[in-house]
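**Q** Please see the structure below; I have some questions.
The values are calculated or read from the model by the stated rules, or taken from the named source; none is laboratory data. These numbers were taken from a predicted model, which means no experiment stands behind them. We place every Cβ from the backbone using ideal geometry, glycine too, and count neighbours over all the protein chains shown.
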Amino acid sequence: MNANSYPLRRGIVEVVSGVFGLAPDVVEQGVSPDRVENWDSEKHVELVVALEERFGVMFEADEVPELTSLEQMEAIIARHG
Amino acid sequence: MAIQVFGPDAPDAVFAFLDETVSMRGRDHWRWKYRLGSADAGHAFYWQEPDGRIMGFIGMMRTALCAGPQCHPAAWFVDWHVVPGERGVGVGLGLLRKAEAAVGTLLTLQGSADTRKILPRLGWKQSLSPHTWVRPLSARFLGDWAARRAPSWLRGPVRAAAALAGGYLECRRPALPADVALVEVDRFGADYDDVWRARAAEFAPAMARDRTYLNYLCADYPGGGYRLRLVRCGREAAGHLIWRLDTDRRGFARGRIVDLLWPRSRPELAAQLVQSACWQLQEAGADYVECVLSVPDLAAAVRAGRFRCRGPVPLWYHRLPQDVDKPDRWYITFLDCDRAYR
């Protein structure tokens, strides 16, 4: 993570924290569907919608299933500019 | 690999996924349902992992929403399945996004519990205008229906009372007007498109019911079972009546009025066609008849035919063409949501 991506990462952490009800410092240690107990299809929808609203993007169909870690979220959102 | 179009060259793994996860229908069914090999293919998608595993599938049945002089591309999504587990959490949504982008108007009826939870979060809206209606045709069905709602100590007397209702349940052959006849056909001919054009002006907004679509859904259904009747007024074809008979999960012979069209300027014909379908189904051995419908004149027709309303069938929609009203006034029947297609 470089200095330019810091606000993006912080925003993602806030969204993930809000959706899954986790403390930001827990989220920062890394998240994935196998590490977060309540990360099911419904929660994933909530996460995608929340990320899109926060960052003003619309994910492509192929990108949606890949939004399963902070690194991938960051890379995909950054790709949308 | 990622989202792929379900086409005629799809790997065997997709057909295996459909048989194992959706319904054990076999390759011919899936080829028919998604029109593989025809120009209308390309309305179903699957997600394949690099190792070849199929993680999810979404399938749409293409149609056209006819409103006024225009028909708009639309589709019902009827299969939406994902492998449970961590990898599958986003696959379902990705596939739905793909489907939303593929057609102008994407619709679904009823939906699973998961679907009903997820769609509102994605901005989908619902209409509750379609309802299911049921009419008992046999004392056995009526007795079972009543007994299941009665306290256990009353079930025996309830069944005995229902057995006495045979005369009440009997359908009489309706006397159609002198100029009206029902003619059984194997499929709808080329001239039926003129009939649909005339009826579309009266029934819009409605999904297309031209001969290609009716033949695809009913005459070409690999499982068979649809009975097609042409409604003739004088020497001219003027509409249709479609019903089918199969067995429900409790072993009762279930009749379904799948679809009907009639000259809407003759409202008495709706009730007569419903009665005719009930009589034909009872003659064929149906224990009960059910239908789904959404418009007031057809609701009045089934009410007059002693049907009882069983509840709404939610119609979910993603976005609509600008000149089309919400689905509350659309003409919807079993043709649009017949479970036999699934």
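**Q** Listed residues B:Leu315, B:Leu298; which is touching a strand residue (DSSP E or B) at 6+ places or on another chain (Cβ under 7 Å) and surrounded by 18 or more Cβ atoms within 10 Å (Cβ to Cβ)? If you could, list the steps in order and put the result at the bottom.
**A** On the way: B:Leu298 fails: touching a strand residue (DSSP E or B) at 6+ places or on another chain (Cβ under 7 Å).
The conditions single out B:Leu315.
**Q** Within region B:67-84, is there a residue that is small (Gly, Ala, Ser), within 14 Å of another protein chain (Cβ to nearest Cβ) and under 21 Å from B:Ser23 (Cα atoms)?
**A** No, the conditions are met nowhere in region B:67-84.
**Q** Among the residues of region A:60-71, write down those that are assigned to a loop (DSSP other than H, G, I, E, B) and free of Cβ contacts under 8 Å to residues at least 24 places away in the same chain.
**A** Once the filter is applied, which keeps residues that are assigned to a loop (DSSP other than H, G, I, E, B) and free of Cβ contacts under 8 Å to residues at least 24 places away in the same chain, region A:60-71 yields A:Glu60, A:Ala61, A:Asp62, A:Glu63, A:Leu67.
**Q** Across region A:1-39, which residue is nearest to the other protein chains (Cβ to nearest Cβ) among those that are of a type in the set (Gly, Ala, Ser), free of Cβ contacts under 8 Å to residues at least 40 places away in the same chain and over 27 Å from B:Asp114 (Cα atoms)?
**A** Once the filter is applied, the top-ranked residue is A:Ala23.
**Q** Further question: Scan region B:6-22 and tell me whether some residue there is away from chain A (no Cβ under 14 Å), buried (at least 17 other Cβ atoms within 10 Å of the Cβ) and hydroxyl-bearing (Ser, Thr, Tyr).
**A** Checking region B:6-22: not a single residue is away from chain A (no Cβ under 14 Å), buried (at least 17 other Cβ atoms within 10 Å of the Cβ) and hydroxyl-bearing (Ser, Thr, Tyr).
**Q** Something else now. Strands (runs of 3 or more DSSP E) wholly in region B:233-300 with at least 3 residues that are modelled with pLDDT under 95 and within 17 Å of B:Leu176 (Cβ to Cβ) - which ones?
**A** Of the strands (runs of 3 or more DSSP E) lying wholly inside region B:233-300, none has at least 3 residues that are modelled with pLDDT under 95 and within 17 Å of B:Leu176 (Cβ to Cβ).
**Q** May I ask you to say which residue of A:Glu53, A:Glu42, A:Glu46, A:Glu74 is exposed (fewer than 15 other Cβ atoms within 10 Å of the Cβ) and either part of a helix (DSSP H, G or I) or touching a residue at least 40 places away in the same chain (Cβ under 8 Å) (or both)? I'd like the intermediate steps shown before the answer.
**A** Working: A:Glu42 fails: exposed (fewer than 15 other Cβ atoms within 10 Å of the Cβ); A:Glu46 fails: exposed (fewer than 15 other Cβ atoms within 10 Å of the Cβ); A:Glu74 fails: exposed (fewer than 15 other Cβ atoms within 10 Å of the Cβ).
Residue meeting the stated conditions: A:Glu53.
**Q** So, in region B:23-35, exactly how many residues are crowded, with 19+ Cβ neighbours inside 10 Å and without any contact (Cβ under 8 Å) to a residue 60 or more places away in the chain?
**A** Of the residues in that region, 2 qualify.
**Q** Quick one: is B:Thr63 away from chain A (no Cβ under 11 Å), of a type in the set (Val, Ile, Thr) and crowded, with 19+ Cβ neighbours inside 10 Å?
**A** Details: away from chain A (no Cβ under 11 Å): yes; of a type in the set (Val, Ile, Thr): yes; crowded, with 19+ Cβ neighbours inside 10 Å: yes.
It is true that B:Thr63 is away from chain A (no Cβ under 11 Å), of a type in the set (Val, Ile, Thr) and crowded, with 19+ Cβ neighbours inside 10 Å.
**Q** Do you know which of the residues in region B:163-200 that are among the charged types (D, E, K, R) and closer than 25 Å to B:Tyr331 by Cα is surrounded by the fewest Cβ atoms within 10 Å (Cβ to Cβ)? Reasoning before the result, please.
**A** Quick first cut of region B:163-200, residues among the charged types (D, E, K, R) only: B:170, B:172-173, B:179, B:184, B:186-187, B:191, B:193-194, B:197, B:199.
From what's left, closer than 25 Å to B:Tyr331 by Cα: B:184, B:186-187, B:191, B:193-194, B:197, B:199.
Working: B:Glu184: 10, B:Asp186: 8, B:Arg187: 14, B:Asp191: 10, B:Asp193: 14, B:Asp194: 13, B:Arg197: 11, B:Arg199: 21.
By that ranking, first place goes to B:Asp186.
**Q** Here are B:Ser138, B:Ser129: which of them is under 30 Å from A:Glu46 (Cβ atoms), in contact (Cβ under 8 Å) with a residue 40 or more places away in the chain, surrounded by 13 or more Cβ atoms within 10 Å (Cβ to Cβ) and among the polar types (S, T, N, Q)? Outline the logic, then answer.
**A** Numbers: B:Ser138 fails: under 30 Å from A:Glu46 (Cβ atoms).
Among B:Ser138, B:Ser129, only B:Ser129 is under 30 Å from A:Glu46 (Cβ atoms), in contact (Cβ under 8 Å) with a residue 40 or more places away in the chain, surrounded by 13 or more Cβ atoms within 10 Å (Cβ to Cβ) and among the polar types (S, T, N, Q).
**Q** Can you give me the ranges of the strands (runs of 3 or more DSSP E) entirely in region B:13-82 with at least 2 residues that are of a type in the set (Val, Ile, Thr)?
**A** B:54-67, B:70-82
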